[in-house]
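Comments concern the structure below.
Coordinate-derived values only; no laboratory data. Everything numeric here is computed off the predicted structure, so don't read it as measured data. Neighbour counts run over all protein chains shown; Cβ positions are idealised from the backbone, glycine included.
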Amino acid sequence: MAFQSPWQLRVCLSGRQSLRTRHARHGRGDAMKRVLPWLALLLAAPLLAAEPLSLEEARRIAETRAPQIEALRAQEMAAREMAVAAGQLPDPVLKLGLSNVPTDGEMAWSLTQESMTMRQIGVMQEFTRGDKRQARADKALREAELAHVSQRQSLADTRRDTTLAWLDLAYQGSMQALLESQIAELHLQQQAADAAFRAGRGEQADVFANQLAIARSQDQLAQMKRDILMARSRLARWIGEDAERPLAPPPELKSQLQVHPALAESAEQHPLLASQQALVALAEADARMARENRTPDIAVELMYGQRGPGFSNLVSVNLSMPLPWDRASRQDREHGARLAQLDQARAQQADMQRAYRAELRGNLAVLDNARERLQRYDQQLLPLAQQQVEAALAAYRAGSGSLTRVLEARRMALDTRMEHQRVALEAARAWAQLNFLNPQEASVSAAHGVQP
């Protein structure tokens, strides 16, 4: 190809260069188009991997992240070790000494010339009475048992509080979904009201009424989001960052709890009452140990004395024991104090048993009432509220009803559904308390594989 001028050559070269640039840019664009979907998939992987958090999984996580349980386990181990040590005799005491060393005269500081001078070695053993050692060991064992039942109580508390926090968050989320659905319907209705007003078939008051309903619902939604944040923070107290995961649907309660004698008979098996019983046993052990301390122990001492050449070596045996000369003002007072503490522990145990049974029956009453109300909502209130909305909406579309009636019907329907969720939460919380108070009697049958 012949060029008539240098200018034509530059134009041709620049054209080829720009063509190559466009091809390069096009190639890079194709590469980015191929990479972007994979990049988006990688970024979305953590979200896709976030499986819904079920109630049972939340409780398992809380159990594994409860340091107080590990602390109580260590406390139990320490008490059991102390029980072995408390049942043993004290260590013998080794004694070394010099006796009767002259300090003046011709035999001053001599260890061999004076017949009274002795180099002594001996051992002393305090013989603590067997009953007293057994009382000390029993006290340490009672402390170990208290730590053991405290582990059960701490585990039950953790499961209960985690369950309550999970249920609060789950039902708050359900109510948020209802409110968001209502707001979406109001926005669609707002478009219809605007169109009707512009066409001369509606009133401006209807437009403002719908806008007011949207604003109120959005304010209610803001309060709901605040409550959800608080509920999520309570759940995070027990399971940490897993509280940010989406929740599985709440389980359906199927148990039929009724008050019967077996509940009262099995009261002592509950960790809370078992802990109080362990405190009573510990107070009894303290009282026994104080009673045994009223009798003193005997110590035996054996000494061997070596004298100088020409003098006989000597052996001595000594017995010693404390003299409780004022036992009425000391040992008896201590024993009386321990007996008073035992009475206190028994009275607290009786009060706790009474409170336990009252709380058990109160939660049963709450659960039965909530179930009755839920049945009424399912069979009467929710269907009637939906029928009222449909009737008001049909009348509005036919031109025989006002938008205000539609808004009022929708508001009542939303309030009914929200109250239904609140009653369901009340029933679930009562079930959680009952599951804590009497784990053998409360059960759930979950439609989503949840078996609390």
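Dipole size of segment 115-262 about its Cα centre, with +1 on Lys/Arg Cβ and -1 on Asp/Glu Cβ: approximately 1040 debye, rounded to the nearest 20.
By the beta-carbon count within 10 Å of each Cβ, the least crowded to most crowded order of D343, D286, fewest first, is D343, D286.
Note on L339 and L384: their simple-model spin labels are 6.7 nm apart, each label 7 Å out from Cα toward Cβ.
The HN-Hα couplings worked out from phi for segment 293-299 by the Karplus form 6.51 cos²θ - 1.76 cosθ + 1.60 (θ = phi - 60°) are 5, 5, 9, x, 9, 10, 10 Hz, whole numbers, x standing for Gly and Pro.
Computed about its Cα centre, the charge dipole of segment 60-437 is approximately 640 debye, with only Lys, Arg, Asp and Glu carrying charge at their Cβ.
Sorting W109, W166 from the fewest to the most surrounding beta carbons within 10 angstrom yields W109, W166. Selection among G97, Q125, Q153 by position relative to the dipole of segment 56-174 gives Q153 as farthest towards the positive end (Cβ unit charges, Cα centre).
How many angstrom lie between the C-alpha centres of segment 156-200 and segment 350-415? So the two Cα centres are separated by 16 Å. With neighbour counts taken as other beta-carbon atoms within 10 Å, the residues S402, S54 rank, fewest first, as S402, S54. Straight-line cross-link partners of K139 among the aspartates and glutamates, defined as a Cα under 18 Å from its Cα and at least 8 positions apart when in the same chain: E76, E81, D131, E284, D286, E292, E334, D343.
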